[in-house]
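S.K.: I have a structure here, written as structure tokens, and I will follow up with some questions on it.
The values are calculated or read from the model by the stated rules, or taken from the named source; none is laboratory data. Not measured: the values here are computed from a predicted model. All Cβ positions, glycine included, derive from the backbone under ideal geometry; neighbour counts span all protein chains shown.
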Amino acid sequence: MAPAELIELKGQLEDLLEKQLVRPSVSSWGAPVLLVKKKDGGSRLCVDYRQLNKLTIKNKFPLPRIDDLMDQLRGASVFSKIDLRSGYHQMRVKEGDIPKTVFRTRYGHYEYVVMPFGVTNAPAVFIKK
């Protein structure tokens, strides 16, 4: 990572620690991280969970189809809009699964205590809640 990216990474790690979304880890597992540019010019910390996802038993809970969801709205006259931007972060990871969420950085290893983006079963678990 470039020096500017390292500064950004350190800031995002500090934010995750402050919000208690991650904690330091000593797990032997560790997924790599990268920073992805957002439309607004900022950066998003992304963990590459591809290796973990290859080993994960897939949750077969079916995700709803968008046309089925739209059919449920037929005839409705009142609508609500909610922001689920941090929805995954409202769901705690089971204590025994936390070490599987480890990611490694130049500043150490960290593990999520809330559901991270990028793990294969996150959408199915989120929908079921």
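S.K.: Would you confirm, using the coordinates I've provided, whether Y110 is touching a residue at least 12 places away in the same chain (Cβ under 8 Å), buried (at least 18 other Cβ atoms within 10 Å of the Cβ), among the aromatic types (F, W, Y) and assigned to a strand (DSSP E or B)?
M.R.: Numbers: touching a residue at least 12 places away in the same chain (Cβ under 8 Å): yes; buried (at least 18 other Cβ atoms within 10 Å of the Cβ): yes; among the aromatic types (F, W, Y): yes; assigned to a strand (DSSP E or B): yes.
So Y110 passes the test.
S.K.: Taking K58 as the residue in question, decide whether it is of a type in the set (D, E, K, R), touching a residue at least 60 places away in the same chain (Cβ under 8 Å) and either assigned to a helix (DSSP H, G or I) or farther than 26 Å from L9 by Cα (or both).
M.R.: Details: of a type in the set (D, E, K, R): yes; touching a residue at least 60 places away in the same chain (Cβ under 8 Å): yes; either assigned to a helix (DSSP H, G or I) or farther than 26 Å from L9 by Cα (or both): yes.
When the stated conditions are applied, K58 passes them.
S.K.: Same structure again: Might you check whether a residue that is over 22 Å from the mean Cα position of the chain (by Cα), more than 18 Å from S28 (Cα to Cα) and not basic (K, R) occurs anywhere in the stretch 82-97?
M.R.: no
S.K.: Let me ask another. Checking the condition outside any loop (DSSP other than H, G, I, E, B), surrounded by 10 or more Cβ atoms within 10 Å (Cβ to Cβ), touching a Lys or Arg at 6+ places or on another chain (Cβ under 9 Å) and modelled with pLDDT of 95 or more, which residue from L52, L13, L17 passes? Explain how you work it out, then say what you get.
M.R.: Numbers: L52 fails: modelled with pLDDT of 95 or more; L13 fails: touching a Lys or Arg at 6+ places or on another chain (Cβ under 9 Å).
Unique residue meeting the criteria: L17.
S.K.: Does A76 count as over 17 Å from I127 (Cα atoms), small (G, A, S) and in contact with a Leu (Cβ under 8 Å, 6 or more places away or on another chain)?
M.R.: Working: over 17 Å from I127 (Cα atoms): yes; small (G, A, S): yes; in contact with a Leu (Cβ under 8 Å, 6 or more places away or on another chain): no.
Against the criterion (over 17 Å from I127 (Cα atoms), small (G, A, S) and in contact with a Leu (Cβ under 8 Å, 6 or more places away or on another chain)), A76 does not qualify.
S.K.: Answer yes or no as to whether G108 is in contact with a helix residue (DSSP H, G or I) (Cβ under 9 Å, 6 or more places away or on another chain), more than 14 Å from Y49 (Cβ to Cβ) and either β-branched (V, I, T) or modelled with pLDDT of 80 or more (or both). Before you say what the answer is, go through the steps one by one.
M.R.: Values: in contact with a helix residue (DSSP H, G or I) (Cβ under 9 Å, 6 or more places away or on another chain): yes; more than 14 Å from Y49 (Cβ to Cβ): yes; either β-branched (V, I, T) or modelled with pLDDT of 80 or more (or both): yes.
Spelling it out, G108 is indeed in contact with a helix residue (DSSP H, G or I) (Cβ under 9 Å, 6 or more places away or on another chain), more than 14 Å from Y49 (Cβ to Cβ) and either β-branched (V, I, T) or modelled with pLDDT of 80 or more (or both).
S.K.: Counting only residues that are touching a Lys or Arg at 6+ places or on another chain (Cβ under 7 Å), in a loop (DSSP other than H, G, I, E, B) and within 22 Å of K100 (Cβ to Cβ), how many does the stretch 21-49 have?
M.R.: 3
S.K.: Continuing with the same structure: Might you check whether a residue that is of a type in the set (S, T, Y), out of contact with any helix residue (DSSP H, G or I) (no Cβ under 6 Å at 6 or more places or on another chain) and more than 22 Å from M115 (Cα to Cα) occurs anywhere in the stretch 41-60? It would help to see each step written out before you state the result.
M.R.: Of the residues in the stretch 41-60, the ones of a type in the set (S, T, Y) are 43, 49, 56.
From what is left, the residues that are out of contact with any helix residue (DSSP H, G or I) (no Cβ under 6 Å at 6 or more places or on another chain) are 49, 56.
If we keep only those that are more than 22 Å from M115 (Cα to Cα) as well, we get none.
No: zero hits.
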